[in-house]
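Novice: Okay, here's the structure, questions in a sec.
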Amino acid sequence: MKAGYASSNVKKILNQLNLDPVFIRRIAVANYEAEVNVVAHAFKGVMKVYFNPAKIRIVVEDEGPGIPDIEKAMQEGYSTASEKVREMGFGAGMGLSNIKKNTDQLDIQSTLNKGTVVEMINYIQNSR
Ligand SMILES: Nc1ncnc2c1ncn2[C@@H]1O[C@H](COP(=O)(O)OP(=O)(O)OP(=O)(O)O)[C@@H](O)[C@H]1O
Ligand SMILES: [Mg+2]
């Protein structure tokens, strides 16, 4: 299980720009949770990062089982994580609610037995 590489690389790039650390932290947390979810719950995925002076938009798209009930999945503490994933310290059911808290705009689209698309947008404020 190799989760966190893509999101930590994005964070490194953001750190090189003159952005509010709080802004970077929010994106890093959301992005990390989205990446871990692909590794924990899906088969494979891609992360696309779009950046302009007004906002950062990250789209994490996976091939996997999909999420049958997104509203339920969003609830704190809800998790279907496997025993193996739990042994690695994941599966508290906090990832999606953490993503929600740390994004300005969140959109989740999921198709059963096909995959999930998580789109996260954060607007850039206090850039120096
Ligand atoms: N990309 C995904 N593909 C399929 N199911 C997902 C995906 N992301 C989340 N889920 C489903 O939503 C549930 C809740 O996700 P969430 O990230 O909140 O918790 P978790 O991943 O189980 O635990 P934690 O994130 O706290 O380690 C998951 O247990 C899983 O059932
Ligand atoms: Mg999670």
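The values are calculated or read from the model by the stated rules, or taken from the named source; none is laboratory data. Predicted model, so just to flag it, every value in this text is computed and none were measured. Every residue, glycine among them, receives a Cβ derived from its backbone with ideal geometry; neighbour counts consider all protein chains shown. Note: accessible area is taken over every heavy atom of the protein model, side chains too, but ligands, DNA and RNA are not part of it. Shrake-Rupley method; radii C 1.70, N 1.55, O 1.52, S 1.80 Å.
Novice: Kindly provide the set of residues from region 77-91 that are near ligand 1 (Cβ under 8 Å from one of its atoms), more than 15 Å from the chain's Cα centre (by Cα) and at pLDDT 95 or above, ordered by number.
Specialist: Listed by number, the residues that qualify are Tyr78, Ser79, Thr80, Ala81.
Novice: Just one of Thr80, Thr111, Thr116 is open to solvent by 50 Å² or more (accessible area, probe 1.4 Å) and closer than 14 Å to Val36 by Cα; which is it? Break it down into steps so the answer makes sense when it comes.
Specialist: Working: Thr111 fails: closer than 14 Å to Val36 by Cα; Thr116 fails: open to solvent by 50 Å² or more (accessible area, probe 1.4 Å).
Being open to solvent by 50 Å² or more (accessible area, probe 1.4 Å) and closer than 14 Å to Val36 by Cα holds for just one of Thr80, Thr111, Thr116, which is Thr80.
Novice: If I ask for residues that are open to solvent by less than 30 Å² (accessible area, probe 1.4 Å) and among the charged types (D, E, K, R), which ones from region 50-68 would you list? Give the steps one after another, and end with the answer.
Specialist: Restricting attention to region 50-68, the residues satisfying the condition of being open to solvent by less than 30 Å² (accessible area, probe 1.4 Å) are 56, 58-60, 62, 64, 66.
Passing the criteria: only Asp62.
Novice: Can you tell me which of (1) in a strand (DSSP E or B); (2) within 12 Å of ligand 1 (Cβ to nearest atom); (3) over 12 Å from the mean Cα position of the chain (by Cα) is the one Glu61 doesn't meet?
Specialist: (3)
Novice: Here's a follow-up. Could you list all residues from region 85-108 that are within 16 Å of ligand 2 (Cβ to nearest atom), closer than 22 Å to Pro21 by Cβ and either part of a loop (DSSP other than H, G, I, E, B) or open to solvent by 70 Å² or more (accessible area, probe 1.4 Å) (or both)?
Specialist: Lys100, Lys101, Asn102, Thr103 - these are the residues of region 85-108 that are within 16 Å of ligand 2 (Cβ to nearest atom), closer than 22 Å to Pro21 by Cβ and either part of a loop (DSSP other than H, G, I, E, B) or open to solvent by 70 Å² or more (accessible area, probe 1.4 Å) (or both).
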